[in-house]
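Worksheet for the structure shown next.
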Amino acid sequence: MNVVVTHGPQETEAFGGRVAKLVRPGWLLGLEGDLGAGKTAFVRGLVRALGSPARVHSPTFSLMNRYAGGRMEVVHLDLYRLTSPEDLVPAGLEEPLLRPEGVTVAEWISRARFDGLPHLRTLRFRWIDENTREISHDLPGL
Ligand SMILES: Nc1ncnc2c1ncn2[C@@H]1O[C@H](COP(=O)(O)OP(=O)(O)OP(=O)(O)O)[C@@H](O)[C@H]1O
Ligand SMILES: [Mg+2]
């Protein structure tokens, strides 16, 4: 397990930028961690570093945003409001979780309680203090 400590949202975005160098089509990144832990900040840096001009914001009500225009498409899910894993199917969320075409990034991935996501890589975000976050992951080379 690797641990990265960031001091301010820009450093969390920069870490997303480093992950952008590794990601390949078909990856599912699951982001865990409390409200305000920096998950959306990470996605913002990832999307920007992939070259998309899209504005990243929390898909809180839509549950899903898509960011095109970069090296690969990013599908951004926020499963916080998911009350039951069965709701994934009518919301059209099953496909990007099971078979990402570009990269799928899912905040609150544990809400899905999916078995059989062999392509899932989990990153855990922890609030340390107002400006400090800790990110644990097992991505190689970071
Ligand atoms: N080191 C840091 N990394 C990331 N965000 C930080 C950091 N320090 C302070 N912040 C602030 O914390 C907030 C992080 O919010 P963000 O929306 O990324 O969290 P989140 O994990 O996506 O929360 P939610 O579960 O509500 O979607 C932002 O307001 C950001 O400015
Ligand atoms: Mg968020």
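The values are calculated or read from the model by the stated rules, or taken from the named source; none is laboratory data. Keep in mind it's a predicted model, so treat the numbers as computed, not measured. All Cβ positions, even for glycine, are placed from backbone atoms using ideal geometry, and neighbour counts span all protein chains on display.
Going residue by residue through region 120-133, is there one that turns out to be modelled with pLDDT under 90 and either under 12 Å from residue 30 (Cβ atoms) or out of contact with any Cys (no Cβ under 7 Å at 6 or more places or on another chain) (or both)?
For region 120-133, residues modelled with pLDDT under 90 and either under 12 Å from residue 30 (Cβ atoms) or out of contact with any Cys (no Cβ under 7 Å at 6 or more places or on another chain) (or both): absent.
Taking residue 77 as the residue in question, decide whether it is under 22 Å from residue 22 (Cα atoms) and free of Cβ contacts under 8 Å to residues at least 40 places away in the same chain.
yes
Kindly provide the set of residues from region 89-121 that are touching a Pro at 6+ places or on another chain (Cβ under 9 Å) and of a type outside the set (Ser, Thr, Tyr), ordered by number.
Scanning region 89-121 gives 100, 101, 102, 103, 106, 107, 111, 112, 113, 114, 119.
Please give the strands (runs of 3 or more DSSP E) falling wholly within region 23-114 in which 1 or more residues are more than 16 Å from ligand 2 (Cβ to nearest atom) and among the β-branched types (Val, Ile, Thr).
By residue number, 103-107.
Before we move on, is residue 64 surrounded by fewer than 21 Cβ atoms within 10 Å (Cβ to Cβ), over 13 Å from residue 40 (Cα atoms) and touching a residue at least 24 places away in the same chain (Cβ under 8 Å)?
Answer is no for this residue.
Contact list please: Cβ distance under 9 Å, first residue in region 32-59 and farther than 18 Å from residue 131 by Cα and aliphatic (A, V, I, L, M), second residue away from ligand 1 (no atom under 13 Å from the Cβ) and at pLDDT below 95, pairs at least six apart or on different chains.
Once the first residue is farther than 18 Å from residue 131 by Cα and aliphatic (A, V, I, L, M) and sits in region 32-59, no partner that is away from ligand 1 (no atom under 13 Å from the Cβ) and at pLDDT below 95 comes close enough.
Restricting the search to region 24-39, which residues are surrounded by fewer than 21 Cβ atoms within 10 Å (Cβ to Cβ) and within 13 Å of ligand 1 (Cβ to nearest atom)? Don't jump to the end; show me each part of the working.
From region 24-39, those surrounded by fewer than 21 Cβ atoms within 10 Å (Cβ to Cβ) are 24-27, 32-36; that's our starting set.
Residues satisfying the conditions are 32, 33, 34, 35, 36.
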